[in-house]
Amino acid sequence: MNIFSGSASKKLAGKIAKDLNLELSPVEIFVFPDGEKRIRIQENVLGKDCIIVQSASTPPDENYMELFIMIDALKRSGAKSIKVLIPYLGYQRQDHIFRSGEAVSLEVIAEILAGVGMTELFSFDMHSPKIPDIFTVPVKHLSALPIFAEKIKKDFNLSEIVLVSPDMGGIRRIKEVSEMLGNIPFATIEKNRDLGNGEINNSGLNGDVRGKIAVIIDDMISTGQTMVEAAELLLENGAAKVFVFATHAVFARDAGKLLQHSRIERVVASDTIDVPAHNQFPKLEVLSISDTAATALKN
Ligand code: R5P
């Protein structure tokens, strides 16, 4: 088996390779002056099972394009199978039409990936459980939630906390974590987002958070607005402290600064996205999903 890394996921791919007792296989990624990339697989992969690790994090289009070309290069070099781990599946929030005239962008991505030769997809905490149905190849939907549940068990007294979903779309997720922790209580926030300007308006809180440590769990943090607004609402409603867990540290715009200067105590994320130095901040703690990924990839 050979494992290759795209330029967005070198750290994580290195950890997964180590867990699989493999070395990362060499691939040359040459960038032309105009930004186009030339990919060359520098290993004999004829008849071999291959894995590529590449997150579709910022900049998503560039990282996807690089991935498409890597898959093509492996296919043309005679790889027997091409498993692709996209720890953070970019464009996943565009998995259906919200308003007439829109594209289903994730379907476009799925068609290209299958078209160029991906034989199986692995990804973490996809925005909706229906996303795998969009793909024509087998999909393994992995999750960082068990890792978060272990961390919560270790760091908190479970009788003092309440889990919180920052929007109604996250109810399935929060119920799963509650079950993992012995059915501890949870609350949900009614979030409304203006599709035009992205502004958030929280219209309600279901559940009692008074005197409790609120632990918000979400699939991703992009601008950080959802988490910061949710934390304010919880504190206004009597929560003692607010902690935040999210699988994907997308951290768009000034998310790092916003979260660091908020009233959130700590932000725990996974390494599905390699957080660049300019987006790191003292309140951030990153847990690795490499074991989960390696176990899934070797089966
Ligand atoms: C939305 O449904 C997602 O689960 C996240 O809550 C959202 O993408 C976070 O975005 P932001 O950090 O920009 O508020």
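The values are calculated or read from the model by the stated rules, or taken from the named source; none is laboratory data. Source: prediction; values computed, not measured. Positions of Cβ are backbone-derived with ideal geometry, glycine not excepted, and every protein chain shown enters the neighbour counts. Just the protein is used for accessible areas: all its heavy atoms, side chains included, with ligands, DNA and RNA removed. Shrake-Rupley method; radii C 1.70, N 1.55, O 1.52, S 1.80 Å.
Stick to the Cα atoms of the stretch 171-299, pair each with every other, and give me the Kirkwood hydrodynamic radius in Å at one decimal.
15.7 Å
What's the extension gain from residue 112 to residue 253 if we count 0.36 nm per residue and subtract their Cα-Cα distance?
Net length gain for the segment: 47.9 nm.
Determine the gain in length on full extension of the stretch residue 171-residue 37; use 0.36 nm per residue of separation and subtract their C-alpha separation, reporting nm with one decimal.
Contour length minus Cα-Cα distance gives 44.1 nm.
Relative to the longest principal axis of the chain, what angle (0 to 90°, nearest 10) does the C-alpha long axis of helix 225-236 take?
20 degrees
Please get the size of the charge dipole for the stretch 60-142, origin at its Cα centre, with Cβ charges of +1 on Lys and Arg and -1 on Asp and Glu, quoted in debye to the nearest 20.
300 debye
Stokes-Einstein D for the stretch 216-268 at 20 °C, 1.002 mPa s, Kirkwood Rh over Cα pairs, in µm²/s?
The estimated diffusion coefficient comes to 197 µm²/s.
What's the carbon and sulfur percent of the chain's accessible surface, probe 1.4 angstrom, rounded to a whole number?
Here carbon and sulfur together make up 50 percent of the probe-accessible area.
Round to the nearest 10 and give me the degree value, 0 to 90, for the angle of helix 60-76's Cα axis relative to the longest principal axis of the chain.
30 degrees
Working with all protein chains in place, sort 261, 248 by solvent-accessible area computed with a 1.4 Å probe, largest first. Walk me through the intermediate numbers first.
Values: 261 145, 248 0 Å².
Final ranking, largest accessible area leading: 261, 248.
For the stretch 193-280, give me the percentage of DSSP beta bridges that are antiparallel, rounded to the nearest 5 percent.
Here the share of antiparallel DSSP bridges comes out near 10 percent.
Test of understanding: express the Cα radius of gyration of the stretch 84-236 as a ratio to 2.2 N^0.38 Å, with N the residue count.
Working: Rg = 17.3 Å, N = 153, 2.2 N^0.38 = 14.9 Å.
Here the Cα radius of gyration is 1.16 times the empirical estimate.
Give the angle, between 0 and 90 degrees and rounded to the nearest 10, that separates the Cα long axis of helix 105-116 from the longest principal axis of the Cα atoms of the chain.
The angle comes out at about 30 degrees.
Note down the net charge around residue 295, summing +1 for each Lys or Arg and -1 for each Asp or Glu among other residues with Cβ under 14 Å from its Cβ.
+3
Please state the relative contact order of the chain as a whole percent: Cα pairs under 8 Å, 6+ residues apart?
Numbers: 609 pairs, mean separation 40.4, N = 299.
Once normalised by length, the contact order is 14 percent.
When only Cα pairs under 8 Å and 6 or more residues apart are kept, what is the percent relative contact order across the stretch 177-299?
The normalised contact order for the stretch 177-299 reaches 18 percent.
Over the chain, give the accessible area per residue in Å² for a 1.4 Å probe, as an integer.
On a per-residue basis, the chain sits at 46 Å².
Report the antiparallel proportion of the DSSP beta bridges in the stretch 121-245 as a percent, rounded to a multiple of 5.
For the stretch 121-245, the DSSP antiparallel bridge percentage is about 25.
If you look at just the Cα atoms of the stretch 79-125, how large are its Rg and its Dmax in Å?
12.3, 41
For 1, 126, give the ranking by accessible area with the largest first, probe 1.4 Å.
Final ranking, largest accessible area leading: 1, 126.
P(r) of the stretch 64-105 in 10 Å steps, Cα pairs, percent per bin?
P(r) over the stretch 64-105, rounded to whole percents: 23, 36, 27, 12, 1.
Output the Cα-based Rg and Dmax of the chain in Å, rounding Rg to one decimal and Dmax to a whole number.
Calculated on Cα positions, Rg and Dmax stand at 19.9, 62 Å.
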